[in-house]
Every structure is written in C-alpha cells, then in structure tokens.
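Input: a single structure, listed below in structure tokens.
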Amino acid sequence: MRWPHFERRYAEAVWQNWSRELSCVPAAIEHPESRDEAVVVVERAAEAGRSLRVAGAGHSFSELVPTDGTLLRLDRMDRVLDVDRGSGLVRVEAGITIHDLSARLAGHGLALENLGDIDVQSIAGAMATATHGTGARLRNISSQAVEVELVTGEGEVVSCSAERDPDTWRAARVSLGALGVVTAVTLRCVPAFTLRGVDRPAPLEDTLDSLDELVDGNEHFEFFTFPHSPLALTRTNNREDALPAPPGRAREWAEDMLLGNHVFGGLCRIGRRFPGQIPRLNRLVSRVAGSQTRVDRSDRVFASPRRVRFTEMEYAVPREHAAAAVRGVRDLIGAGGFHVNFPIELRFVAGDDALLSPAHGRETAYVAVHTFEGMEFEPYFRAVEQLMDGLGGRPHWGKRHFQSAATLRDRYPEWDRFAAVRARLDPAGRFANAHVERVLGPVGAPVGAGTS
C-alpha cells in the first residue's frame, strides 16, 4: 500500500528533550499536518505492530516520550482553527505552542486566564502533564479546555466535552498521552488583560508565616528560595487597568537574559566545579536579586526565557502543607549534605476535576526542586520524594519522580475511572512505553494491580 506524502523515516533519527537528558531512536518519526494524516499514522503503527508515542515541544523531564516504535511529532499541527470572540471559545490544533497561541490570541483581544512561567510547550503537552501557573483561585491549563479531539488506538476520531462523553473529557484533559493522539482542543479564553508583576525579596520565615495572606491577597503569588539563603524572592502578578508598557530591549535583556540566565548560569557552573562554595553563591544570588516591576500583556508577564539547563522534580501537596514542605526540603538539604545551587519554588492552584490532575479535588501547593545540568540529582530527589509522600504529595507528570502505579493509584480517587477510559480508547495498549506502563500499569490491569 502506498502511504501519503507526509511519511518521514530516518533510520538514525534521534529525539531529544530540552534538558538533553532523554533521547530515543524511534523506528519511524512522523510529522502529520492534519487530523486525517494523524489517523493514518496510527493505522500505520498498528499495521507494523509498533507502539506510538507523541512528542510536543520536549519540555518534560519524565520519560513520557522515548520509544523505539513510532514517534509522532505535533510541530506541523499548529494552526488556530476558529475564534469566537463573543464566547471566548478558541479551537486550535494540538501542536501550537503556548507562546504562539498567546500571540495569536492577543491579535483577537483574548488571552488564556493563567499560564506557567515557561511558554514553549505545545498546548497538548501542557495539558497532558497538567502544567500549571500560580493563583489560588485558578486551575491548571488543562481546565481551560472545554472540548478535546483525539485519535484512539483503533484510529477512530473522538470529540469529548462535559456534555458529550464527560468521563473521556475528564480523562483526556490530563492523559499522559496514554489515550490517543490529541489533534485539536477548544479553549475557553478571556478578554486580554494587563498584569502588574512585582518581584521583591523578603525574609523567608516571614513569608512562610504569612502564606495565606499573600496567596489570598493576590491573583497570582509565588516565591522561590535558595537553600542556604534566609530570603524568599517573591513574585506577585495582579491585573492592572492600564495599557501594557513592555520594557525596552536593553532592560529586558539586562533583567531576563543577563541576570536571569547568563550570570546565574555562570554561578551555577562555578558551583558545579566547586560544590563547597554553593552556600556562599546561594546567598550572593539572593542578595543581588533586587525588586522590579513590570506592567505588560499577561502572557509576557507570566513567562520568562529559560536558557540555563536543569532537571526538575515537582510535587503537588495539599495547600495547608505548603510551609511544612518548603521547610522540610531546606532541612533535608542540610542534613543530607546535598549540593544544590538551584532554588526551591512554591506555587498555588485551585482544585479541579480532571481524573489524573495532581490538583484533583483539593486546593494545592506545588513545590519544585531542581539541580543544574551535569550534577547528581537522584539522592536529593529521592529524599524530597520521601518527604512529599508523607505530606500526601502527587508528582507532576512532566517532572522527574520514582513512583509507580502501585504507589500512585490510592492517591487519585478516580484512578479506576481513568483506567476504564484508557481500556476503551486504547485496548491494545498502543500508546504506551516503559514509563507509561510503570506509572499507569498495563492496559486492562485488574483493579489494585500496578507495577511496583
């Protein structure tokens, strides 16, 4: 049979993620340009007896993508399909990046209500891993999706929403790519808005003691703190009734690129070379981080460029455990003698109803830890994970963790409902790899079963 022109095969083609830690050599790499071509990719993988995984922008640290089967890239499915300014409903192809989508929405006087601090991900990838921003009254990015279109393991196109197949909709919003190929998403957007972003240092203990006031008193609140510094570097973003006033190129370069990336990257390299100097470098970075204010279009305030490479673990804990989680991480760094030159980050989101969302059913604080590229991370991350286990933590699906289906299923009240949707949409387990089987178990596994 002769297949359409879009087939791409590279015997030695390699996929690699942003942090350059993960890579694979798939049997085939496909770049469909439409939903119909994605259907053919699924059918072709099935005929060849291959598994199939989907790659967005490669900004996950967990091993969700690597495969020796078919790798489907969404990079050519990046169009805005429909915009209804009256309702705020916008239909887009799944491969569009959040950065490009935000720019297109701004041209229609619209915006996404909340974003994370990185915007290079594809919208499908951000949804699949429950990527989030911060804001106690705002949910993660996947909660903005009112309809999801996907291609199942049988090559069938399915559209789901709260009104039409609600179980599939609640599963597909955070799916780990285990239900099928998401080809399009309809998002509920809001009128474009301006944010006033204020960054300022504050004593860490004062900040932790005042968390409820800070979180509830701002639309968006977060902070990060270096392990050996007494300071928290806080960030608040609130709506402003004013026109955007973006910084000039020189100021933007000085703040985001020079200080936020080049200088920080240089200090990280010094710390990697001389680990004993990390506490001093942590305190230095905290002291020189001054206050700054930015008034600009929402998406440009939310997101910042990331040029310094790292690996990351992030856990979602009940909001009431936020301060204990941060203090616990700082304590274990000292007790374990870990060399950590990246900060601990704390953000907040509202609960939601996606079946596998880490914020499912509860107000949530996200605690993130990082290590600089080339430095040992596993002992530190395992110690953090043990702490988070004791606080009822659920791992961010796109970040590193060491959990399995056996350790995770009791943390999600509707785990079995997700498993039932997965068995219906992908009965042959086409959309799996070793990592997916580890964290979700095999398709159709008995209730209570999982990989240990």
Distance (nanometres) between label positions extended 7 Å along Cα→Cβ at GLN277 and ASP216:
4.6
Could you tell me what percent of the accessible area of the stretch 67-170 is made up of carbon and sulfur, with a 1.4 Å probe and every protein chain present?
44
What shape does the stretch 251-402 take by its C-alpha gyration tensor, where a ≥ b ≥ c are the square roots of the eigenvalues and a/c under 1.5 counts as rounded, a/b above b/c as prolate, and the rest as oblate?
oblate
Using a Förster distance of 30 Å, the FRET efficiency for SER404-ARG307 (Cβ separation, nearest 0.05)
0.35
Counting pairs of Cα atoms in the stretch 95-242, how many percent are more than 25 Å apart?
40
Quickly work out the ALA106-to-VAL80 label distance, labels modelled 7 Å from Cα along the C-beta direction, and quote it in nm with one decimal.
1.2
Under the rule of -39500 (n - 2.57) per DSSP H run of 4 or more residues, summed and divided by the residues of the chain, what mean residue ellipticity at 222 nm is obtained, to the nearest 500 deg cm²/dmol?
-8000 deg cm²/dmol
Run through the stretch 376-436 and list the GluC sites (Glu not before Pro) located in a DSSP loop whose Cβ has at most 13 other Cβ atoms within 10 Å.
GLU376
Kindly provide the GluC sites (Glu not before Pro) of the stretch 311-363 that DSSP labels as loop, not H, G, I, E or B, and whose Cβ sees at most 16 other Cβ atoms within 10 Å.
GLU363
With a 1.4 Å probe and all protein chains left in place, how much of the accessible area of the stretch 302-452 comes from carbon and sulfur atoms, in whole percent?
49
Taking a ≥ b ≥ c as the square roots of the Cα gyration tensor eigenvalues, with a/c under 1.5 meaning rounded and otherwise prolate when a/b beats b/c, else oblate, which class fits the stretch 261-334?
oblate
Accessible area expressed per residue, the chain, with surrounding protein chains retained (probe 1.4 Å, Å²)
40
Can you give the percent of C-alpha pairs in the stretch 368-449 whose distance is more than 21 Å?
37
How would you classify the chain from its alpha-carbon gyration tensor, with a ≥ b ≥ c the square roots of the eigenvalues: rounded for a/c under 1.5, else prolate if a/b is greater than b/c, otherwise oblate?
prolate
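The values are calculated or read from the model by the stated rules, or taken from the named source; none is laboratory data. The shown structure was predicted, so the numbers you read here are calculated from the model rather than taken from an experiment. Don't worry about glycine lacking a Cβ; one is built from the backbone with ideal geometry, like all the others, and counts go over all protein chains shown. The area values use the complete protein model at the heavy-atom level, side chains included, leaving out ligands, DNA and RNA. Shrake-Rupley method; radii C 1.70, N 1.55, O 1.52, S 1.80 Å.
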